[in-house]
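Chemist: Take this structure first; my questions come after.
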Amino acid sequence: MAYTPQFYPGSTSVGINRRKHMSGNIEKLRDIPEADVVAIMGHRAPGADYASTHPPLKEMGEPDCPVRQLVAPTAGAAAGDRVRYSQWTDSMYFAPSIPYFRSYWGAINCKGCDPGTLSGRQIIEARERDIEKYTKQQYDSEMTDVALCSMRGCTVHGHSLRLEENGMQFDMLARTEMGKDGNVYAVKDQVGIPLDKKINLGKPMTEAEAKKRTTIFRFDGVPMGGKIGARKFDEAIEMTHHMWEYRSKWGYRPE
Amino acid sequence: MAVKHTKKLFIKALNKKFGKDFDLASQKTEYKRLGPEQSARKREFMEYAKKLEGKRGMTGYNPYVHAGGIPLGQRQLVPYKLSSTEYVVEGDDLHFVNNPAMQQMWDDIRRTIIVGLDMAHEVLQKRLGKEVTPETINNYLEILNHAMPGAAVVQEHMVETHPGLVDDCNVRVFTGDDALADEIDAQYLIDINKMFPAEQAEVLKAAIGKTSWQAVHIPTIVVRSCDGGTTSRWSAMQLSMTFIDAYNMCAGEAAVADLAYAAKHAAVLHMSDMLPARRARGPNNPGGLSFGYMADMVQTSRVKPQDPVYVSLNVVAAGSMLYDQIWLGSYMSGGVGFTQYATAAYTNDVLDDFSYYGVDYAVDKFGGFAKAPKTIDVAKELATEVTLYGIEQYEAFPTLLEDHFGGSQRAAVLAAASGITSAIASGHSQIGLAGWYLSMLLHKEAWGRLGFFGYDLQDQCGPTNVFSYQSDEGNPLELRGANYPNYAMNVGHQGEYAGITSAAHAGRMDAFAVSPLIKVTFANPGLVFDWANIRDCFGKGGAREFRAAGERSLVMPSV
């Protein structure tokens, strides 16, 4: 019988959304032009050649290696691209994705990438044309809300701060802004360098939509452990208890 | 259901920070982007930097070079309330460079060494035929308190140190022998009966027995010029010279070598161990300081033993400042970021609120401190309840979340409250540690984020070392320290581990955690830092009310 990955426990919307992010079965909500994604990433000018750190693999005369025969290189690796990054900051106020689930998405679904998880930011590094593809997938999908999530290479401060009055996540460098037409515009790249033109990222999710798509447990959304005086444990807690107990007991080993 | 504590202690601090009429529950706000001018301290910095411009002949402090011209203060720059005190200071005032009390806390540790007297007395009596009586001991202590600051005793034409520069130096003795203690001149005695509650005094005296010890605190200015490794050398030289003077000995005969060894090296307790070469520090530097010793240095347990949470939180404060701000933040790394992590654990009454909530819950459930079974199930129940409570507070009070704006701050506080609760409830530090790690895992699972990269290693792998007794993996928490393999890299942990260590013993109402000698030594009223009131003393330092030792102004032209 073929194994079907379960990915994550729980029957709440948060559990279901976490499974979607991990499995890669995510809904596409928008289509931001590739050139715009490249401009926001800020590593190369849209249309410019990719910088490379080595010749294409085909020209390198690689050794006879069973692993190389088994694993086909990504497009970026085959071309010899340098490794670049995209980094996201997701608000704790019901942003659809959260750092570990962006990382799980990357690690499970994106070949040749290196995710890194922190509290206020999440980075994925990969060969340049590969990371551009992965970044566009994230930008276009339900993993991202353009008001509650933003690409921030540095000065990422904002995930835990109250929202601006217009519902935007705080950004010290103001890399995005809410337009009068209700669309969110990118005005600076990842590291805060002004863009040549404003990039329309589309309309943000409504609060109800964000709550529906979020992967964060919160007491005012889907709580993980019920409330004070009325505890009700989600399966996520039971799973965590199980892992913790087994890790603790394994470490004892009094032999 | 066992839920008692509903005080929300942090609200007072939030009102002081954000303004009394501020809506603390709103998830939205207007960011006015007022820049550094909104902070009195930043204004002071800018004004001072302007004064220095001509003098230095080169540029210096200028907040407008930050982030390509976007200065600090795009959000509200809020002050910090030292937990359980009335002190409200700017964040800048809690960087150890700006806070003389914090510097003095560390100086008081590294300038301290404990040296036994008994073996030296035996050599004097048996090898050299000298008589040792309470009178000779008092005479010796008078000479020693002349010599230890840096004065000559048997030589001619010697240089000496200015008494005004070294006035913090002192040596007092202590013993578990009441009869001997009665004979010691009161000015040279750490009186255990006077300094500790009666029950604690009896335990300490029984543990120390008839032995006698010198609590040596060399001048602050010496360790600031040299380092902690100097303390044993400085102390040893002055001790042996004093013996020669006090007991009219020959300064050259071979027998003196026996005395020198007995007096200087045979019974010596450093405050911390030497570190391996890759970290390149001698003894009496912070990296080798165990959590148990740190718990014993803090004296809150003798002035407020009935409140084990308060005791533990003062240890957390001391540990966070030393291990995070000075050790990891400066010795091992550098810069200013570590202060932000560390202050979360001792400001704004947040950790206080979470810990009192947990301990009240445990007391209701198990009938008192240290009454719960020492089992993994107790850690599971308590750490889960405390973590969920704390998470809910961050969610219900967005300004609280904004106050602890980094995941590492929140992780440290939630896990510390869980660990302190589990340790006080069970009276066992390893149960506390188990609670710490469960909190970390639950936190990560709830919010899909934890701290910075290092938390992946230390906290997600951590449960495996809690109960391990394989020597390279495990240890009772009391004996672990800043250099424990898995603990050597992460801010927001070591002070809290010291607090959990303390919590187990505070819950049991123990007189000390690991070492009765350390506990009594830091009860010395001659120390400059206030070891019973850590957070209050940090507040004094931040408010510019604290006078540190080791200053050089006496021998310099005035500014």
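Chemist: Could you give me the residue pairs with C-beta distances under 9 Å whose first residue belongs to the stretch B:218-242 and is assigned by TED's automatic domain parsing to the domain that holds B:M119 and in contact (Cβ under 8 Å) with a residue 12 or more places away in the chain, whose second residue is among the hydroxyl-bearing types (S, T, Y) and in a loop (DSSP other than H, G, I, E, B) wherever it lies, and which are 6+ apart or on separate chains?
Modeler: B:P219/B:T161; B:I221/B:T161; B:V222/B:T161; B:G228/B:S272
Chemist: Could you list all residues from the stretch B:313-335 that are of a type in the set (S, T, N, Q) and without any contact (Cβ under 8 Å) to a residue 12 or more places away in the chain?
Modeler: If the condition is that a residue be of a type in the set (S, T, N, Q) and without any contact (Cβ under 8 Å) to a residue 12 or more places away in the chain, then B:S333 is the only one that fits.
Chemist: If you don't mind, another one. Out of the stretch A:106-127, which residues are of a type outside the set (A, V, I, L, M), away from chain B (no Cβ under 14 Å) and buried (at least 24 other Cβ atoms within 10 Å of the Cβ)?
Modeler: Result: A:R127, single match.
Chemist: Against the definition (in contact (Cβ under 8 Å) with a residue 60 or more places away in the chain and either away from chain B (no Cβ under 13 Å) or aliphatic (A, V, I, L, M) (or both)), how does A:V222 come out, yes or no?
Modeler: For A:V222, the condition - in contact (Cβ under 8 Å) with a residue 60 or more places away in the chain and either away from chain B (no Cβ under 13 Å) or aliphatic (A, V, I, L, M) (or both) - is met.
Chemist: Here's something else I'd like to know. Take B:V171 and tell me if it is in contact with a Leu (Cβ under 6 Å, 6 or more places away or on another chain) and either in a strand (DSSP E or B) or crowded, with 20+ Cβ neighbours inside 10 Å (or both).
Modeler: yes
Chemist: Check every one of the helices (runs of 4 or more DSSP H) wholly within the stretch B:224-298 and list those with 3 or more residues that are surrounded by 24 or more Cβ atoms within 10 Å (Cβ to Cβ).
Modeler: The helices (runs of 4 or more DSSP H) meeting that bar are B:230-246, B:291-297.
Chemist: A further question on this structure: Yes or no: the stretch A:198-207 includes at least one residue that is in contact with a Gly (Cβ under 6 Å, 6 or more places away or on another chain) and either at the interface with another protein chain (Cβ under 10 Å from one of its Cβ atoms) or within 24 Å of A:I98 (Cα to Cα) (or both).
Modeler: yes
Chemist: Could you grab me the full set of residues in the stretch B:443-466 that are touching a residue at least 40 places away in the same chain (Cβ under 8 Å) and more than 19 Å from A:H159 (Cα to Cα)?
Modeler: B:D459
Chemist: Run B:A423 past the list (1) more than 7 Å from chain A (Cβ to nearest Cβ); (2) under 16 Å from A:M224 (Cβ atoms) and report the number of the one that doesn't hold.
Modeler: (2)
Chemist: So how many residues does the stretch A:163-174 have that are touching a Leu at 6+ places or on another chain (Cβ under 9 Å) and buried (at least 21 other Cβ atoms within 10 Å of the Cβ)?
Modeler: The total comes to 5.
Chemist: When the residues of the stretch B:186-206 are narrowed to those that are hydrophobic (A, V, I, L, M, F, W, C) and in a helix (DSSP H, G or I), which ends up surrounded by the most Cβ atoms within 10 Å (Cβ to Cβ)?
Modeler: B:I192
Chemist: While we're here: Sort out which residues of the stretch A:15-33 are polar (S, T, N, Q) and in a helix (DSSP H, G or I), and write them in order of number.
Modeler: A:N17, A:S23
Yes or no, residue by residue, for (1) in contact with a strand residue (DSSP E or B) (Cβ under 8 Å, 6 or more places away or on another chain); (2) in a helix (DSSP H, G or I):
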position	(1), (2)
A:A77	yes, yes
A:R84	yes, no
A:Q87	yes, no
A:Y93	yes, no
A:I108	no, yes
A:S119	no, no
A:I123	yes, no
A:D130	yes, yes
A:K136	no, yes
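Chemist: Let me ask something else about it. Scan the stretch B:499-550 residue by residue and report those that are over 16 Å from the mean Cα position of the chain (by Cα), crowded, with 24+ Cβ neighbours inside 10 Å and not in a helix (DSSP H, G or I).
Modeler: Result: B:A511, single match.
Chemist: Same structure again: Given the residues B:K32, B:K51, which is the only one that is farther than 30 Å from B:Y357 by Cα and free of Cβ contacts under 8 Å to residues at least 24 places away in the same chain?
Modeler: None of the others qualify; the one that does is B:K51.
Chemist: Of these, B:L77, B:L72, B:L34, which one is surrounded by fewer than 17 Cβ atoms within 10 Å (Cβ to Cβ), within 22 Å of A:V156 (Cα to Cα), outside the structural domain of B:G337 (by TED's automatic domain parsing) and in contact with a Pro (Cβ under 8 Å, 6 or more places away or on another chain)?
Modeler: Testing whether each residue is surrounded by fewer than 17 Cβ atoms within 10 Å (Cβ to Cβ), within 22 Å of A:V156 (Cα to Cα), outside the structural domain of B:G337 (by TED's automatic domain parsing) and in contact with a Pro (Cβ under 8 Å, 6 or more places away or on another chain) leaves just B:L72.
Chemist: Inside the stretch A:230-251, can you point out the residues that are farther than 12 Å from B:A434 by Cα and either at the interface with chain B (Cβ under 7 Å from one of its Cβ atoms) or touching a Leu at 6+ places or on another chain (Cβ under 8 Å) (or both)?
Modeler: Once the filter is applied, which keeps residues that are farther than 12 Å from B:A434 by Cα and either at the interface with chain B (Cβ under 7 Å from one of its Cβ atoms) or touching a Leu at 6+ places or on another chain (Cβ under 8 Å) (or both), the stretch A:230-251 yields A:R231, A:A236, A:I237, A:T240, A:M243, A:W250.
Chemist: Within the stretch A:149-158, is there a residue that is within 10 Å of chain B (Cβ to nearest Cβ), over 30 Å from A:T74 (Cα atoms) and more than 17 Å from the chain's Cα centre (by Cα)?
Modeler: yes
Chemist: On to the next question. I need the full set of residues from the stretch B:51-109 which are within 17 Å of B:V316 (Cα to Cα) and among the aliphatic types (A, V, I, L, M), in order please.
Modeler: B:L82, B:L94, B:A101, B:M102, B:M105, B:I109
Chemist: Among the residues of the stretch B:58-65, is any closer than 30 Å to A:E165 by Cβ, within 14 Å of another protein chain (Cβ to nearest Cβ) and within 34 Å of the chain's Cα centre (by Cα)?
Modeler: Taking every residue of the stretch B:58-65 in turn, at least one turns out to be closer than 30 Å to A:E165 by Cβ, within 14 Å of another protein chain (Cβ to nearest Cβ) and within 34 Å of the chain's Cα centre (by Cα).
Chemist: B:E385 - would you say it is of a type in the set (D, E), out of contact with any His (no Cβ under 7 Å at 6 or more places or on another chain) and over 22 Å from B:F22 (Cβ atoms)?
Modeler: The answer is yes for B:E385.
Chemist: Testing A:D90 on (1) more than 14 Å from chain B (Cβ to nearest Cβ); (2) buried (at least 24 other Cβ atoms within 10 Å of the Cβ), one condition comes back false. Which one is that?
Modeler: The one condition A:D90 does not meet is (1).
Chemist: If you don't mind, another one. Can you name the number of the only condition in (1) within 20 Å of B:S408 (Cβ to Cβ); (2) part of a loop (DSSP other than H, G, I, E, B) that B:D324 fails?
Modeler: Unmet condition: (2).
Chemist: Can you confirm whether the stretch B:55-73 contains a residue that is part of a loop (DSSP other than H, G, I, E, B), touching a Lys or Arg at 6+ places or on another chain (Cβ under 8 Å) and under 14 Å from B:D92 (Cβ atoms)?
Modeler: yes
Chemist: Just checking, which of A:N166, A:N200 is assigned to a strand (DSSP E or B) and out of contact with any helix residue (DSSP H, G or I) (no Cβ under 6 Å at 6 or more places or on another chain)?
Modeler: Among A:N166, A:N200, only A:N200 is assigned to a strand (DSSP E or B) and out of contact with any helix residue (DSSP H, G or I) (no Cβ under 6 Å at 6 or more places or on another chain).
Chemist: Now, a different point. Among the residues of the stretch A:34-75, count how many are within 30 Å of B:L450 (Cβ to Cβ) and either among the small types (G, A, S) or in a loop (DSSP other than H, G, I, E, B) (or both).
Modeler: Going through the stretch A:34-75 one residue at a time, the tally reaches 3.
The values are calculated or read from the model by the stated rules, or taken from the named source; none is laboratory data. These numbers were taken from a predicted model, which means no experiment stands behind them. For neighbour counting, all protein chains shown are included, and Cβ atoms are generated from backbone atoms with ideal geometry for every residue, glycine included.
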